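Notes to accompany the following structure.
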């Protein structure tokens with residue numbers, strides 16, 4: 001019996017990937033004997049899958065500068081619904097294989113990409129984008145390490161102008177990073193083989209993490225005839241759009257493609273664009289915000305509670321906050337600093353109640369000891385900026401008096417000299433004065 | 001009491017003339033007496049008595065569930081029955097106890113029916129004799145009937161009485177025999193190429209094949225998914241209608257059932273056939289058809305005509321291709337459906353190991369878990385287990401089916417056969433569209449054969465011969481029913497088949513019921529088997545308007 005949610009997920013994914021949704025699709029049985037395939041066949045859609053001819057756009061960085069990105073597209077050949085097999089666990093020690101059948105029969109969505117990508121990074125980037133799309137749609141959490149998204153790479157090499165070479169299939173990849181590594185190492189291997197006069201076998205290889213290269217898999221032997229046969233227990237899957245929907249049809253029994261299309265959530269590419277428009281942030285920042293699970297939400301929560309400029313928030317979130325997370329290998333949802341806390345800190349900064357140096361100190365403290373608010377930390381550590389304008393003027397005056405040589409340098413037009421003065425004033429005020437204010441006072445005093 | 005119709009017994013139960021427990025015990029006792037027929041693989045005595053007890057409680061409170069409450073029934077052993085062994089008459093499934101009931105079984109039980117047991121069949125429902133199962137062949141009760149015995153006395157014979165026993169036909173032979181021998185009032189069979197109608201004809205009972213999609217196949221261990229249907233065997237057409245009313249309708253667990261629910265119905269009695277048009281397909285006049293059957297067929301046609309119906313010759317031009325087409329499609333689906341039987345999941349494993357009952361467990365297929373002494377690889381183990389677990393017939397069909405499904409053959413065999421199938425189905429559509437209400441054909445070529453003669457040819461040959469009138473119906477998904485007509489010269493039952501329009505099952509049964517009344521088929525006389533020699537039916541059915549010579 002067909003699972004409705006699976007079909008809906010397939011349609012949503014197909015629409016998000018710009019595919020043509022086939023209003024009629026068929027199911028087939030693919031036969032082979034293996035211990036993890038209890039029925040001796042897998043139900044799949046070989047003849048007529050549910051969605052075809054789509055595209056996936058992804059951005060690769062060109063050169064070292066992160067700001068230079070170009071958009072590439074990989075064509076989607078098809079999306080098909082099929083059944084999962086069980087899981088084989090090889091126990092080398094006792095030379096036995098354990099079979100876990102719990103996932104056998106569960107619905108899968110297979111997305112087949114055309115060979116439009118040319119290196120590991122492109123593939124990894126495309127896969128990451130696909131993960132974001134699936135997560136945004138809610139059709140999968142697409143976590144590769146947990147097997148929610150499984151990726152097999154088909155790799156071949158050829159000289160420009162010549163047809164595609166013999167391909168090998170690389171399996172057992174559990175992260176986008178290793179996907180890239182595996183592909184690149186396989187490309188290297190194939191080139192090496194061909195340049196040494198050998199041939200590439202159409203085989204299945206698995207990626208060995210320790211060795212960092214691919215090895216042939218023992219299990220698969222030669223070409224199999226899967227004896228495809230139409231699945232007799234599943235009638236053709238008919239989908240409708242608003243035009244073709246039969247009148248009086250039971251909504252429980254039919255799926256309307258247009259209805260699903262109207263309710264598609266915002267896709268990552270749309271989100272990025274929106275962030276740029278809404279907050280005026282740069283494209284590469286927009287990318288970065290989407291690249292970490294939960295980061296966008298965190299960012300948006302901070303924005304909600306602070307008056308600080310989005311650019312400021314972005315900078316703090318992407319540089320300082322993310323930096324701390326990465327250093328301690330934490331996920332966003334494990335952060336000891338809440339969005340509210342960061343928002344409060346940024347407010348203090350925005351009001352010029354503290355300097356940016358002080359702010360960084362406060363942040364560090366926030367990270368270390370939970371439960372304290374930024375305001376508490378500021379007062380505890382006496383990090384407030386001097387608000388007393390007169391006292392500041394006096395401080396400047398004192399410094400100027402005490403360093404006539406430097407003052408002369410400034411008057412003579414040395415641009416760096418003023419920084420020295422600022423630095424001295426800061427020291428004198430125990431870093432509690434805003435450098436901008438100091439500069440402004442000094443300049444005023446120094447002007448003729 | 002056992003000879004009554006379902007409706008009569010149901011009334012008797014309601015009126016308290018007999019209790020469900022008494023009825024159940026009578027049937028159980030008769031099952032024991034007729035054990036030599038080998039109609040049952042499993043007799044679910046405890047379960048039955050318990051069900052009868054519950055039924056009795058309901059009757060006492062005046063809250064019976066309906067016409068089937070307390071009625072003994074039997075189920076062919078290829079339907080899954082929760083907690084009761086289901087073997088499909090194969091070694092591969094010996095000891096397999098399903099954790100759920102097939103939908104049709106559940107429906108019967110929900111109506112209060114009492115399950116007597118699981119009946120015998122050809123292994124995995126492949127065959128037309130009920131002779132090729134792992135638990136031995138089924139014997140046709142008519143072998144022991146007075147009618148047959150008397151006729152045989154005329155022939156000189158030196159052999160022992162029992163060596164010339166007759167087959168029941170198949171593959172639902174156990175169900176047919178169980179009903180014919182009065183051990184239950186209705187039995188479930190399955191029909192893929194005629195497996196309900198064929199044994200019905202040979203055992204002198206009604207064998208009904210519903211339209212494909214009308215009755216759920218969930219829990220029916222599949223042979224050919226696109227042709228299988230659950231079949232109903234009863235002693236009269238009205239009984240079959242009652243059962244159909246309980247079983248038909250949409251099942252969410254079977255995506256090939258029609259969408260609409262179906263309500264139980266009372267079969268109206270037809271009195272006037274003058275508005276009917278009966279079609280006689282000329283291609284069904286096969287040269288192998290026995291003279292007797294042909295004669296009965298002809299007489300039946302005349303009967304309709306004499307009562308005012310229009311009887312015309314029609315043509316189903318692609319009939320001659322249907323057997324071959326059926327073989328290609330059937331074996332292909334069989335090869336696919338049998339792929340799951342690797343001897344691990346459904347029990348056939350090392351006896352020392354715990355038998356594995358369900359699929360969703362961690363399974364250790366380490367190189368020590370198998371019954372054959374092959375330690376090499378999974379594939380070798382599968383091959384060995386499947387060789388042991390399946391009989392020749394099943395293995396033969398699997399090999400043939402896999403051949404047809406190979407990439408290089410798929411187009412020429414499978415696809416071609418599907419196309420021919422459509423042509424065959426269209427033949428029927430054309431005929432029905434031209435104003436024909438039902439088709440009238442023989443069910444079998446001749447009466448039941450003696451076992452010793454039947455086994456002279458192999459299963460495949462026999463199936464090809466015996467399915468000739470029945471299997472085109474499965475290809476087209478139409479409803480059909482075999483109604484016993486009269487006894488042959490040898491004193492054996494002959495049945496004729498009515499084929500109806502898709503989803504016009506009620507109308508088909510209505511016509512069959514009229515016909516049944518006209519022919520007054522004699523009751524089987526198994527006097528020596530009954531308690532106190534009491535007669536099986538209160539009404540002695542004498543030939544009044546009959547088709548006997």
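The values are calculated or read from the model by the stated rules, or taken from the named source; none is laboratory data. These numbers come from a predicted model, not from an experiment. Here the Cβ is made from the backbone with ideal geometry for all residues, glycine too, and neighbour counts use every protein chain on show.
What to note about this one:
- Residues that are touching a strand residue (DSSP E or B) at 6+ places or on another chain (Cβ under 7 Å) and free of Cβ contacts under 8 Å to residues at least 12 places away in the same chain, drawn from the stretch A:242-291: A:245
- Among the residues making up the stretch A:361-375, those that are in contact (Cβ under 8 Å) with a residue 24 or more places away in the chain, part of a helix (DSSP H, G or I) and more than 15 Å from residue A:325 (Cα to Cα) are A:374, A:375.
- Odd one out for residue B:227, checked against (1) farther than 25 Å from residue B:114 by Cβ; (2) buried (at least 24 other Cβ atoms within 10 Å of the Cβ); (3) under 14 Å from the mean Cα position of the chain (by Cα): (2)
- Checking B:268, B:252, B:287, B:230 one by one, the residue that is part of a loop (DSSP other than H, G, I, E, B) and within 19 Å of residue B:208 (Cα to Cα) is B:268 and no other.
- Condition met for residue B:174 (at pLDDT 95 or above, within 11 Å of the chain's Cα centre (by Cα) and assigned to a strand (DSSP E or B)): no
- Residues that are in a loop (DSSP other than H, G, I, E, B) and facing chain A (nearest Cβ under 10 Å) within the stretch B:316-345 comprise B:341, B:342, B:344, B:345, listed in sequence order.
- Residue within the stretch A:264-272 that is surrounded by fewer than 16 Cβ atoms within 10 Å (Cβ to Cβ), within 30 Å of residue B:222 (Cα to Cα) and modelled with pLDDT of 90 or more present: no
- Residue in the stretch A:267-277 that is over 27 Å from residue A:20 (Cβ atoms) and in contact with a helix residue (DSSP H, G or I) (Cβ under 7 Å, 6 or more places away or on another chain) present: yes
- Residues that are within 14 Å of chain A (Cβ to nearest Cβ) and touching a residue at least 40 places away in the same chain (Cβ under 8 Å) were ranked within the stretch B:237-278; the one that is farthest from residue B:436 (Cα to Cα) is B:253.
- For the stretch A:107-117, the tally of residues that are under 19 Å from residue A:149 (Cβ atoms) and either outside the structural domain of residue A:35 (by the TED database) or touching a helix residue (DSSP H, G or I) at 6+ places or on another chain (Cβ under 9 Å) (or both) stands at 6.
- Test: residue B:216 is under 21 Å from the mean Cα position of the chain (by Cα), surrounded by fewer than 22 Cβ atoms within 10 Å (Cβ to Cβ) and within 14 Å of another protein chain (Cβ to nearest Cβ): no
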